[in-house]
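> The structure under discussion is supplied below as structure tokens; questions concerning it will follow.
The values are calculated or read from the model by the stated rules, or taken from the named source; none is laboratory data. Computed from a predicted structure; not experimentally measured. All Cβ positions, glycine included, derive from the backbone under ideal geometry; neighbour counts span all protein chains shown. Side chains included, ligands, DNA and RNA excluded: accessible areas come from the protein's heavy atoms. Shrake-Rupley method; radii C 1.70, N 1.55, O 1.52, S 1.80 Å.
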Amino acid sequence: MAELEQQRILKTAIPGPRSLELMARKTDAVARGVGTTMPVFAVAAGGGVVVDVDGNSLIDFGSGIAVTTIGNSAPRVVAAVQDQVERFTHTCFMITPYEGYVAVAEQLNQLTPGDHEKRTALFNSGAEAVENAVKVARTYTKKQAVVAFDHAYHGRTNLAMALTAKSMPYKHGFGPFAPEVYRAPLSYPYRDDKLIDGELAARRATNLMESQIGPENLAAIIIEPIQGEGGFIVPADGFLPALAEWCRSNNVVFIADEIQTGFARTGAMFACELFDVVPDLIATAKAIAGGLPLSAVTGRAELMESVHVGGLGGTYGGNPVACAAALAAIETIKAENLVTRAGEIERIMLGRLHRMQAEDNRIGDVRGRGAMIAVELVQRDTTDPDPGLTAAVATVAREKGVIVLTCGTYGNVLRFLPPLSISDELLNDGLDVLADAFSAT
Ligand code: PLZ
């Protein structure tokens with residue numbers, strides 16, 4: 001396909017007439033529970049743009065929620081997928097295996113933090129990886145309780161939903177939830193008492209675990225090293241290492257959910273590296289396969305091997321087309337130095353957002369790492385969340401042709417997840433639109 005012009009181009013109002021027609025069909029055909037952030041229908045995407053059915057070219061600050069980190073339809077992924085699709089599309093790895101799955105496992109064992117011996121199992125979605133990581137931790141420790149944190153997001157299946165913190169829209173009305181799930185306080189530097197440093201915040205959490213659960217009952221803690229849906233919350237220094245140390249001393253499995261943070265997104269291959277933490281198990285998905293559905297659990301060999309033969313799997317887990325895409329995506333990250341590119345994007349975005357903050361005290365906090373950056377919006381001269389302002393700024397930016405997402409427990413965080421293939425020009429144009437949106441609201 002011809003290269004897409006790397007420019008923001010508005011040919012109609014957003015949404016345009018064709019998107020409106022398709023939205024009407026969507027409303028009549030698709031369950032309304034499946035929401036829409038931006039009501040334009042895509043026909044092509046690549047580099048840093050998404051092109052819609054009306055010919056508008058939109059700046060992509062979402063990457064399909066941190067999935068197309070290497071760019072949409074990245075050339076190596078397209079070639080690898082085409083080649084694999086022509087050879088075979090499925091055999092089921094549990095029936096007759098194929099090399100691609102093994103090669104992805106080898107790559108993940110090598111690339112994830114820690115030089116201990118590892119094993120990997122592949123699945124389809126992030127939620128499925130989370131569920132399986134917990135299964136492994138329970139089998140290995142012969143314990144049941146699991147701790148997740150305030151503001152956590154781990155998915156929409158029953159156990160993953162129980163681990164997720166926010167009720168509306170993820171849990172509301174969907175109980176009963178999986179038992180033996182407990183919640184501990186996070187380190188949230190912007191909202192914590194300033195006296196609470198990372199280690200104290202960790203002690204606040206481990207005290208709760210000791211008194212309310214007891215380490216002899218606790219199989220695992222699961223944590224996003226930088227929280228995604230919960231608000232792009234970067235914990236204070238020392239928080240994650242202290243938690244990991246407590247887990248080590250108490251035979252509790254430390255599970256890192258790197259589903260949103262993984263694969264170069266944060267300026268490291270995995271965000272745990274930024275905090276010098278080596279997890280026992282790591283759940284990955286999203287950017288792993290350049291847009292194809294794939295997820296993984298990678299971890300210490302003795303943990304992963306504790307599960308009986310046949311205890312892990314699924315019809316599609318590690319589908320050969322998704323595995324071919326994953327190998328090509330990983331190769332792209334390495335060949336194009338995308339870890340370094342994420343660091344460059346961080347510098348551009350943080351610089352400009354800090355300048356916007358200096359002029360507008362409704363921008364309470366600017367934070368993030370790599371190409372995972374956010375602003376938390378508050379009522380003027382307070383730290384009270386302002387979800388209305390957040391929605392209004394996002395709407396203006398979208399009408400001007402920038403795909404921006406919101407997040408946060410209080411709905412007051414604008415988050416930016418551009419593909420690492422975005423040009424500096426597009427990035428800056430998107431930030432100009434954002435600055436204008438703040439002035440206009
Ligand atoms: N863990 C850290 O970010 C998915 C959810 C979007 P699945 N985040 C996007 C939505 O509203 O459904 C996510 C995540 C973290 C787990 C998951 C779940 O991954 O592939 O969506 O199941």
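> Just need a number here: residues in segment 83-104 that are touching a helix residue (DSSP H, G or I) at 6+ places or on another chain (Cβ under 9 Å), of a type outside the set (A, V, I, L, M, F, W, C) and part of a helix (DSSP H, G or I).
Number satisfying all stated conditions: 6.
> With respect to the numbered conditions (1) buried (at least 22 other Cβ atoms within 10 Å of the Cβ); (2) within 21 Å of Glu258 (Cβ to Cβ), which one is the sole condition not fulfilled by Thr340?
(1)
> Would you mention how many residues in segment 127-154 are open to solvent by 10 Å² or more (accessible area, probe 1.4 Å) and either in contact with a helix residue (DSSP H, G or I) (Cβ under 7 Å, 6 or more places away or on another chain) or among the hydrophobic types (A, V, I, L, M, F, W, C) (or both)?
Here the count works out to 5.
> Residues in segment 179-186: is at least one assigned by TED's automatic domain parsing to the domain that holds Arg156, in a helix (DSSP H, G or I) and either in contact with a His (Cβ under 6 Å, 6 or more places away or on another chain) or within 11 Å of Leu243 (Cα to Cα) (or both)? Before the answer, list the steps.
Taking segment 179-186 as the starting set, the residues that turn out to be assigned by TED's automatic domain parsing to the domain that holds Arg156 are 179-186.
The next check asks that each one be in a helix (DSSP H, G or I); those that pass are none.
No, segment 179-186 has no match at all.
> Being touching a residue at least 24 places away in the same chain (Cβ under 8 Å) and surrounded by fewer than 22 Cβ atoms within 10 Å (Cβ to Cβ) narrows it down to one of Val51, Val67, Val43, so name that one. Steps first, answer last, please.
Working: Val67 fails: surrounded by fewer than 22 Cβ atoms within 10 Å (Cβ to Cβ); Val43 fails: touching a residue at least 24 places away in the same chain (Cβ under 8 Å).
Only one candidate qualifies: Val51.
> Would you tally the residues in segment 393-434 being part of a loop (DSSP other than H, G, I, E, B), under 18 Å from Gly16 (Cα atoms) and open to solvent by 10 Å² or more (accessible area, probe 1.4 Å)?
Going through segment 393-434 one residue at a time, the tally reaches 1.
> What about Glu131, is it closer than 23 Å to Leu294 by Cβ and either within 14 Å of the ligand (Cβ to nearest atom) or not assigned by TED's automatic domain parsing to the domain that holds Phe263 (or both)?
Numbers: closer than 23 Å to Leu294 by Cβ: yes; either within 14 Å of the ligand (Cβ to nearest atom) or not assigned by TED's automatic domain parsing to the domain that holds Phe263 (or both): yes.
So Glu131 fits the description; yes.
> On to the next question. Take the residues of segment 269-289 that are part of a loop (DSSP other than H, G, I, E, B) and open to solvent by less than 10 Å² (accessible area, probe 1.4 Å): which is nearest to the ligand (Cβ to nearest atom)? Write out each step before concluding.
The initial filter retains those residues of segment 269-289 that are part of a loop (DSSP other than H, G, I, E, B), namely 269-270, 276-280, 285.
Imposing the further condition that a residue be open to solvent by less than 10 Å² (accessible area, probe 1.4 Å) reduces the set to 270, 277, 279, 285.
Working: Phe270: 13, Val277: 16, Pro279: 13, Ala285: 5 Å.
Across segment 269-289, the extreme among qualifying residues is Ala285.
> I've got another one for you. Run Asn109 past the list (1) part of a loop (DSSP other than H, G, I, E, B); (2) more than 16 Å from the ligand (Cβ to nearest atom) and report the number of the one that doesn't hold.
Of everything listed in (1) part of a loop (DSSP other than H, G, I, E, B); (2) more than 16 Å from the ligand (Cβ to nearest atom), Asn109 misses just condition (1).
> Let me ask something else. Run down Asp365, Asp381 and say which single residue is on the phi > 0 side of the Ramachandran plot, open to solvent by 20 Å² or more (accessible area, probe 1.4 Å) and not assigned by TED's automatic domain parsing to the domain that holds Asp192. Can you show your working first?
On the way: Asp365 fails: on the phi > 0 side of the Ramachandran plot.
Among Asp365, Asp381, only Asp381 is on the phi > 0 side of the Ramachandran plot, open to solvent by 20 Å² or more (accessible area, probe 1.4 Å) and not assigned by TED's automatic domain parsing to the domain that holds Asp192.
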